[in-house]
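Heads up, the thing below is written out as structure tokens.
Throughout, read-outs are computed from the coordinates displayed, never taken from laboratory work. A quick note: this is a predicted structure, and the numbers were derived from the prediction, not measured. Cβ atoms come from the backbone with ideal geometry, glycine included; neighbour counts cover every protein chain shown.
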Amino acid sequence: MHQHFLLHKPYGYISQFISNQKYNRKKKMLGELYNFPEGTMAVGRLDEKSEGLLLLTTDGKVSDFITTRGKVEKEYYAQVDGTITEKQIKQLQEGVEISIEGKKYTTKPCVAKLINPPNFPKRSQKIRDDRHGPTSWISITLTEGRFRQVRKMTAAVGFPTLRLIRVRIGTIKLNKLSVGEVKQVTQLIQ
């Protein structure tokens, strides 16, 4: 019987369980947060500096469906450097050119909108303060998930991401899951 988990991934953790590599020895791994069963895999990844909803499963078919079929929405809240305008939001919605593995790629159209600052706990590493200029919060919903895509998209329109939090995958929401909290669930997809 397969097992499935929801995790509010904290800032500073890598979406891996153990490291066999010398350069990752001092990195924080997901296995430090919970005693996951053997064969557990992250469904998609969040980079070390990203936070939020991470799904974990022992079922490779579920992982494949969510990450590679391009039908499951992933929603992110991004705090960006500066006061983003409707012009840049529209550019994000229509698709922007980014670089993936050294090749130019135009992102698929997505849902992007300006949002009020969400009420998340402060991050473990401080984000610059208002003395360095204003910031904006946007919501971006994608059906694709390329390497560091949201960060590359906001930078492409001139507003680098300062903080990135995934809040939803399909119908599963981060909701009130505390930072670092793991919750076992019966299924990941409906």
Protection-proxy order for peptides 149-159, 115-125, 78-88, each taking the mean of Cβ atoms within 10 Å per residue, highest first | 149-159, 78-88, 115-125
Would you mind pulling out the separation of the Cα centroids of the range 31-73 and the range 77-101, in Å?
-> 25
Compute the distance in nm between two label points, each set 7 Å from the Cα along the Cα-to-Cβ direction, one at T143 and one at Q3.
-> 3.4
Using 1/(1 + (r/R0)^6) with R0 = 25 angstrom and r between the beta carbons of K87 and V111, what's the FRET efficiency to the nearest 0.05?
-> 0.90
Taking D64, D59 and counting other C-beta atoms within 10 Å, the order from fewest to most | D64, D59
In debye to the nearest 20, the charge dipole size for the range 73-169, taken about the Cα centre with +1 at each Lys and Arg Cβ and -1 at each Asp and Glu Cβ, equals 300
What distance in nm separates the simple spin-label points at A155 and E101, each placed 7 Å from Cα in the Cβ direction?
-> 1.9
Simple SL model, points at 7 angstrom along Cα→Cβ for F65 and K49; separation in nm is 3.4
Amide H neighbours of E73 under 5 Å, at least 5 residues apart or on other chains, H built in the peptide plane: list them.
-> G170
Using the Cβ atoms and a cut-off under 12 Å, what net charge is assigned to the surroundings of Q93, where Lys and Arg are +1 and Asp and Glu are -1?
-> +2
Which residue, G31, G133, G52, has the most motion in a Gaussian network model of the chain that connects Cα atoms within less than 10 Å?
-> G133
Other-chain or far-sequence residues with amide H under 5 Å of S15's (modelled H) | L46
Neighbouring Cβ atoms within 10 Å as the yardstick, rank K71, K49 fewest first.
-> K71, K49
Nearest 0.05, what FRET efficiency do K126 and E94 give at R0 = 35 Å with Cβ-Cβ as r?
-> 0.55
